[in-house]
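**Student:** Here's a structure for you.
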Amino acid sequence: MSVPYEYAVIQAVPRVERGELINVGVILYCHRHDFLNARTLLHEQRLLALDPNADLDGIRAALKSWEITCAGGADGGAAREMKQGERFRWLVAPRSTILRAGPVHMGLADDPSAELDRLVALLVH
């Protein structure tokens, strides 16, 4: 049975003042399946085309932190105390940083993990 889910594309904006970005992942939340996950993929050449001085190691670390936050935080930080829905809302809240979430969209799926794979293939690869 298909159930509703919410997702947002994770975007890298290496120079906020220019407004240029590339899609680097997708975060998906499905309350009914108790599912929150982010899958990321950094296309280094595409990012360097926007900013040849982009800090690739820093961006990779920031992307990893999104995945850790989805899982509940490994360091005992604020994410550990949050419910999945709260962590999703925290990650997709508007921000002016090198990584941000695009608009939140909704859909229906039987398998949130398979749907996340489909969205990453469609929107990031």
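**Student:** For 98, 68, what's the fewest-to-most ordering of other Cβ within 10 Å of each Cβ?
**Tutor:** 68, 98
**Student:** Let me ask something else about it. Could you list which residues have their amide H under 5 Å from that of residue 35, counting only those 5 or more apart in sequence or on another chain, with H placed in the peptide plane?
**Tutor:** Those qualifying (amide H under 5 Å, at least 5 residues apart or on another chain) are 30.
**Student:** Can you list the residues, at least 5 places off or on another chain, whose amide H is less than 5 Å from the amide H of residue 13, using H built in the peptide plane?
**Tutor:** The list, which skips near neighbours in sequence, is 99, 100.
**Student:** Among 71, 49, 12, which one shows the biggest mean-square fluctuation in a GNM of the chain, springs joining Cα atoms closer than 10 Å?
**Tutor:** Result for the chain, Cα springs under 10 Å: 49 fluctuates most.
**Student:** Now for a different question. Around residue 41, which amide H atoms from residues at least 5 apart in sequence, or from another chain, sit under 5 Å from its own amide H, with H modelled in the peptide plane?
**Tutor:** 25
**Student:** Are there DSSP H segments in the chain that both extend 20 Å or more along their axis (alpha-carbon positions) and score a mean Kyte-Doolittle hydropathy of at least -0.5? List them, or say none.
**Tutor:** Flagged H segments are 56-70.
**Student:** Using helices alone, what [θ] at 222 nm do you get for the chain, with -39,500 (n - 2.57) per DSSP H run of 4 or more residues, divided over all residues and rounded to the nearest 500?
**Tutor:** Estimated from H runs of four or more residues: -10500 deg cm²/dmol.
**Student:** Over the chain, calculate the relative contact order: mean separation of alpha carbon pairs under 8 Å at least 6 apart, over the residue count, as a percent.
**Tutor:** Result for the chain is 38 percent.
**Student:** What does the extension gain come out to for residue 83 and residue 67, with contour length at 0.36 nm per residue minus their alpha carbon separation?
**Tutor:** 4.3 nm
**Student:** What does the extension gain come out to for residue 93 and residue 49, with contour length at 0.36 nm per residue minus their alpha carbon separation? Kindly include the intermediate steps, with their values, before the conclusion.
**Tutor:** Working: separation 44, 0.36 × 44 = 15.84 nm, distance 2.69 nm.
Gain on stretching residue 93 to residue 49: 13.2 nm.
**Student:** Okay, next question. Once the other residues with Cβ under 12 Å from the Cβ of residue 112 are scored (Lys, Arg +1; Asp, Glu -1), what is the net sum?
**Tutor:** Here the count lands on -3.
Values quoted throughout were computed directly from the atomic coordinates according to the rules given, and no laboratory measurement underlies them. Since we're looking at a predicted model, the values are computed, not measured. With ideal geometry, Cβ positions are generated from the backbone for all residues, glycine too; neighbour counts draw on all protein chains shown.
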